[in-house]
Amino acid sequence: MFSQAGLARPVDWATPRDLDRLRASRGRGPLSKPLVPTSVASPRLGEELFARLLAYGTPQETHRRDVLFRPGDVDADLIVVERGSVEVVRTATGNVPAATVAVVDAGGFVGELNLLTGQNVYLRCQVRDAGTVYRVTPERLRQLMANDVELSDIVFKALIARRELLQRSAAALAVEIVGGARSSAALALRTYAARQRLIHLWFDADTPMGQTMMDSSGLTQDDLPAVVLPDTTLKRTTPGELADKLGLSYRRASTKPADVTIVGAGPAGLAAAVYGASEGLDTVLLDAVGTGGQAAASSRIENYFGFPFGLSGADLTGLAVLQALKFGAQLASPCQAVELDTNRNGDLLRLHLQGGEAIDSKAVVIATGARYRTLPLERWPDFEGAGIYYAATELEARGCTGSPVTVVGGANSAGQAALYLAGRGSEVSLVVRGQDIATEMSAYLVDRLLVHPRVTVRCRSEVTRLDGGDFLEEVSITDRTADTVQAQPCAGLFCFIGAEPATSWLTGIATGDDGFIRTDVQLTDDDLGPAWAALGRRPLPFETNVPGVFAVGDVHSGSMKRVAAATGEGASAIASVHKAIAALA
Ligand SMILES: Cc1cc2nc3c(=O)[nH]c(=O)nc-3n(C[C@H](O)[C@H](O)[C@H](O)COP(=O)(O)OP(=O)(O)OC[C@H]3O[C@@H](n4cnc5c(N)ncnc54)[C@H](O)[C@@H]3O)c2cc1C
């Protein structure tokens, strides 16, 4: 069926030489850790497995130079090469010439993770040697993933590994982001790109490389942040505009209502999506920012069950995203829910999205977590994202490495951030309002902080003033015991003083005095209106006072505010979703 040569090396990647060249010539930040070994990018399928893969596709005779897909195409097919060969090319942009990314011989297949995420095509695939290819549509690929465990394992790992390889290859030049290192608009774009694991390159506009890139793309300071794509340049752009351009905004593939729509893609929402999709529910998962939630902002989670050496929140949620995609969940971000109609229209609940679209579904899971509290200081909004951060990961910390920083808060997240930043060479002032750092923080963190040579713990203290130009440069710390005020240099203020539930978009959902959503046994008879009498049942576990609407994770009243608890609630709620949907039938 295909040649031995094809079997031995069905996909030839133009890496890693390209990466070295990229690094040397263009500069970029560190790449995220590969999720699977890159060696699985070019699987060798035996004849029997290959025949099974072909069975999912439709044959197409090819001629030299035929184009099988091109940048901008929506819903690309997996291309399986039975005879001949094809090549994948990153097309030229204003500043970079075209480059071959991979050559695929008979026995191989063309495709990467965008087949599952729905991202538009950003490379061109063209025929090198005439022959036959089989096209596997996104729908057939989902069937393959659901029905053939052996084959799906191989194909899925290959798609992930290819994304990692492409990120390290000339393909990364297909999405180039440029902006100021400390600009909040640029940080929003970079955070989005990182959380979506988008293949992209980042250029700091204040470096010679960034300037060269801007000159060759005809960009000025007024255009920043900007994204250069093969067919267009987005100026003064936002994650929403980039997502629209890449095809990652919400678009419903089916005309049928969803079984369950999950609002919020933090650990709770992701767990609900994995369990919902894996148990056959047509599952939609939305997030206003990007996947991962608060957990993606945690540089090291040390208390997650089964990981004694800790793991980064971005890795944990990144893997969960892949799992949800593998099982067929539809993910969209940035995509903000702005209203939920609590009056059922027949059997359906209607969720309204920013931008005017609406989604109908049989059940809704609210997993919107909580939003960070801020300090009531005069220039606080000016410096958000420009020196004030609510997370301490590589992205935020990069601009402050080696410079003095201030961490505000007395709980574990503040302690973790202080240690992380001190470990990167910053002098850290940990500002705690309470009398004793041990009141709210775990003992293991307190012990480490108190002996760290670069951490100064300042209890009964508060940040009372912020100063700087476009970026934060100085903070004033008031010591309530000594009654003194001290101004000190500060390249970054990392704020960890708790959060409020993200429920302002909801009406008619019962909450506690603190605004967190009450469910099942937390609800009283007064909360349950006539709809319940008609249903003849009480709320199921995690069900709110509105039938078919569930709340899980940090937004849920009395929740533990931990990743493990959030994932447990998200997964468990799906059992209730099944029951609620069955009761509708
Ligand atoms: C820096 C830091 C360190 C932490 N460290 C640890 C730790 O070590 N161990 C631990 O167990 N826990 C830790 N936590 C707590 C943990 O991350 C949270 O308990 C957990 O993320 C809660 O998950 P969630 O899914 O309920 O909500 P979140 O993670 O808050 O996710 C909610 C999601 O909903 C989205 N959303 C909100 N409103 C809307 C809307 N209207 N439409 C669409 N989407 C919306 C948000 O964008 C967000 O992505 C840490 C938290 C932080 C910030």
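Some points to look at:
- Dipole of the range 285-382, positive end: most advanced residue of Leu311, Trp380, Gln354 [Cβ charges, Cα centre]: Leu311
- Across the range 259-370, Cα pairs under 8 Å and at least six residues apart give a relative contact order of 33 percent.
- Each of His63, His578, His352 was scored by other Cβ atoms within 10 Å of its Cβ. Arranged with the fewest first, they read His63, His352, His578.
- With a threshold of 26 Å on the Cα-Cα distance, the over-threshold entries among Lys245/Lys362; Lys235/Lys256; Lys235/Lys326; Lys326/Lys579 are Lys245/Lys362; Lys235/Lys256; Lys235/Lys326.
- Exposure proxy order (Cβ contacts within 10 Å, fewest to most) of Val80, Val457: Val457, Val80
- Relative contact order (%) - criterion: Cα under 8 Å, at least six apart; region: the range 459-585: 15 percent
- Here the chain carries DSSP beta bridges of which approximately 65% are antiparallel, counting only pairs with both residues inside.
- Efficiency of FRET from Cβ geometry, Thr238 and Ser39, R₀ 41 Å, rounded to 0.05: 0.65
- Among Phe516, Phe550, Phe109, the order by Cβ neighbours within 10 angstrom, fewest to most, reads Phe516, Phe109, Phe550.
- Taking the range 537-566 and a reference point 7 angstrom along Cα→Cβ of Arg344, the backbone N atoms nearer than 15 Å belong to 537-540, 543-550.
- For the pair Glu279 and Asp315 in one chain, pulling the backbone fully straight at 0.36 nm per residue adds 10.6 nm over the alpha carbon distance.
- Spin-label model distance (nm) - Ala438 vs Ala585, 7 Å beyond Cα toward Cβ: 5.7 nm
- Approximate spin-label separation Asp447-Ala534, in nm, with each point projected 7 Å along Cα-to-Cβ: 5.9 nm
- With R₀ set to 22 Å, the beta-carbon distance separating Thr220 from Asp470 gives a calculated FRET efficiency near 0.80.
- Farthest toward the positive end of the dipole of the range 152-205, out of Gln196, Leu166, Ala186, is the Cα of Gln196, where the dipole comes from beta carbon charges about the Cα centre.
- Length-normalised contact order for the chain - Cα pairs under 8 Å, 6+ apart - percent: 11 percent
- Dipole magnitude for the range 146-303: about 100 debye, using +1 per Lys or Arg Cβ and -1 per Asp or Glu Cβ, origin at the Cα centre.
- Simple Cβ-charge dipole of the range 148-205, Lys/Arg +1 and Asp/Glu -1, about Cα centre, in debye nearest 20: 260 debye
- Rg and Dmax over the alpha-carbon atoms of the chain stand at 25.4, 83 Å.
- Paramagnetic label zone (point 7 Å from Cα along Cα-to-C-beta, Ser403; backbone N under 17 Å) in the range 191-234: 204-208
- With a cut-off of 13 Å on the backbone N, no residue of the range 316-335 is near the modelled label site 7 Å out from Phe305 along Cα-Cβ.
- Spin-label model, Arg65 to Ala564: label points 7 Å out along the Cα-to-beta-carbon direction sit 6.2 nm apart.
- Given +1 at the Cβ of Lys and Arg, -1 at the Cβ of Asp and Glu and no other charges, the dipole of the range 41-109 around its Cα centre is 240 debye to the nearest 20.
Any read-out appearing in this document is the output of simple, stated calculations on the displayed coordinates, not a laboratory observation. Keep in mind that this is a model prediction, so the values were computed, not measured. Cβ sites come from the backbone with ideal geometry, for glycine too, and all protein chains shown count toward neighbours.
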